[in-house]
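One structure is given below, encoded as structure tokens.
The values are calculated or read from the model by the stated rules, or taken from the named source; none is laboratory data. For clarity, every value in this text was computed on a predicted model and none was experimentally measured. Here Cβ is always computed from backbone atoms with ideal geometry, including for glycine, and neighbour counts include all displayed protein chains. SASA here: full protein model, heavy atoms, side chains in, ligands and nucleic acids out. Shrake-Rupley method; radii C 1.70, N 1.55, O 1.52, S 1.80 Å.
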Amino acid sequence: DAMVIQNPRYQVTQFGKPVTLSCSQTLNHNVMYWYQQKSSQAPKLLFHYYDKDFNNEADTPDNFQSRRPNTSFCFLDIRSPGLGDAAMYLCATSREGTRMIHEQYFGPGTRLTVT
Amino acid sequence: GEDVEQSLFLSVREGDSSVINCTYTDSSSTYLYWYKQEPGAGLQLLTYIFSNMDMKQDQRLTVLLNKKDKHLSLRIADTQTGDSAIYFCAESSGNKLVFGAGTILRVKS
């Protein structure tokens, strides 16, 4: 089945230790998104790739970076995680060329714990 | 900026109807969406409505849109225990989605 896969599902990192979360998709969608979701809050868009074009949200901290080496894969790098970065990180995809560019397909998320 | 607001919690009995409400601010939103999130899972698109529609029905789901008041609702008929989840309202903004904080639906058997 075509899907959005996130690895790992649970990640524990130490304060200040760089961590990378990964996302892959078999949908061949050209748009990929990373969201941060804290408990009882709305998913917050960090950035998205439109093909290879990187689009950063104005309020995304510099601590968060992303890479998209090809259509299928996208990575979220947190350079120096702080305690406030503990959250669920959601990857999503959508397909340009339809009216439903906003119809996003989500992965199961990676829950990040910072100790 | 864009803002989407929802009530935090709704509790219903199995078999009753559930109504989850949402207000949004961006009058230029082309589409409005309802997503469902089960524990430990990502968000799943439930249904959507185009901004020039007032109502959309999809099996047990009915979406009502009052564009004048920027009010969106999701009605779930014959609510089942499997409907227990967090429901997110979202508005389109450019090529992005703006989500509400989610409504926790608890279904009591």
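Among residues of segment B:1-27 that are more than 14 Å from chain A (Cβ to nearest Cβ), those with a beta-carbon under 6 Å from a residue that is among the aromatic types (F, W, Y) at least six positions away or on a different chain give the pairs B:I20/B:Y87. Scanning segment B:1-33 for residues that are at pLDDT 90 or above, among the hydroxyl-bearing types (S, T, Y) and over 17 Å from B:L105 (Cβ atoms) yields B:T23, B:Y24.
Can you find a residue that is within 29 Å of A:L46 (Cα to Cα) and touching a Lys or Arg at 6+ places or on another chain (Cβ under 9 Å) anywhere in segment B:67-80? Steps first, answer last, please.
From segment B:67-80, those within 29 Å of A:L46 (Cα to Cα) are B:67, B:70-74; that's our starting set.
With touching a Lys or Arg at 6+ places or on another chain (Cβ under 9 Å) added as a condition, the list becomes none.
Looking through segment B:67-80, none of the residues is within 29 Å of A:L46 (Cα to Cα) and touching a Lys or Arg at 6+ places or on another chain (Cβ under 9 Å).
Screening A:N70 on (1) open to solvent by less than 10 Å² (accessible area, probe 1.4 Å); (2) farther than 21 Å from B:V4 by Cα shows it passes everything except condition (1).
Where strands (runs of 3 or more DSSP E) fall entirely within segment A:4-43, those with at least 1 residues that are open to solvent by less than 60 Å² (accessible area, probe 1.4 Å) and within 12 Å of chain B (Cβ to nearest Cβ) are at A:4-7, A:19-25, A:31-37. Taking each residue of segment A:46-57 that is within 9 Å of A:W34 (Cα to Cα) and looking for partners that are outside any strand (DSSP E or B) and hydroxyl-bearing (S, T, Y) with beta-carbon atoms closer than 7 Å, six or more apart or interchain, yields A:L46/A:T60; A:F47/A:T60. Here is the figure for segment A:98-115: residues that are modelled with pLDDT of 90 or more, facing another protein chain (nearest Cβ under 8 Å) and either surrounded by fewer than 16 Cβ atoms within 10 Å (Cβ to Cβ) or part of a loop (DSSP other than H, G, I, E, B) (or both) total 3.
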